[in-house]
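What follows is a single structure, written as structure tokens, with notes after it.
The values are calculated or read from the model by the stated rules, or taken from the named source; none is laboratory data. Bear in mind that the values here come from a model prediction, so they are computed numbers and not experimental data. All Cβ positions, even for glycine, are placed from backbone atoms using ideal geometry, and neighbour counts span all protein chains on display.
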């Protein structure tokens, strides 16, 4: 296999009728860096185009399945409601396009973005998503003292100081907690997230960008 061939992005098309699939294949044909895999081929596929008229449970199952198989799903839908937009992101979609706006060029761009770890979202959908995220933070997470990472502000503060090399006694002095409180915070966190110890908790928080 040549270096040029190995660099091609393999795409699967999921949830499409034969006519729609043929249309997508025709639109992407001739792009040297893209290749549509056969319907019965899963190995080596890096991006899954998931087609649906709306973001319903069937579409979300296809997105989750593609994600579970190691693909990066791009959702191609007829229309998107606000609830479906957030649900698609939560399910693992790394790109969303309306079918009415999905020209071959935009579709190819979305596939390339997904393959490189980036996302694609029309500007109006991005605005709607940011509005929903802000509302979720204000109305659901903040009243419970939680952040988007699922950690409380106190847990983040403790982990940040532990990451800087402070022991539990020093963390307690800096945060005006007792040493027992610090240990309880770490214990609750490691138990909830099934982490081995505080070092594992710090590594997890750094890896996930929480501190």
Query raised in the report: Just one of the numbered conditions (1) more than 16 Å from the chain's Cα centre (by Cα); (2) surrounded by fewer than 20 Cβ atoms within 10 Å (Cβ to Cβ); (3) assigned to a loop (DSSP other than H, G, I, E, B); (4) at pLDDT below 90 is not true of residue 25; which one?
Result: (3)
Query raised in the report: Does the range 104-126 include one or more residues that are at pLDDT below 85, in a helix (DSSP H, G or I), under 20 Å from the mean Cα position of the chain (by Cα) and surrounded by 14 or more Cβ atoms within 10 Å (Cβ to Cβ)?
Result: yes
Requested in this report: Give me a count of the residues in the range 80-103 that are surrounded by fewer than 17 Cβ atoms within 10 Å (Cβ to Cβ), in contact (Cβ under 8 Å) with a residue 40 or more places away in the chain and in contact with a strand residue (DSSP E or B) (Cβ under 7 Å, 6 or more places away or on another chain).
Outcome: 1
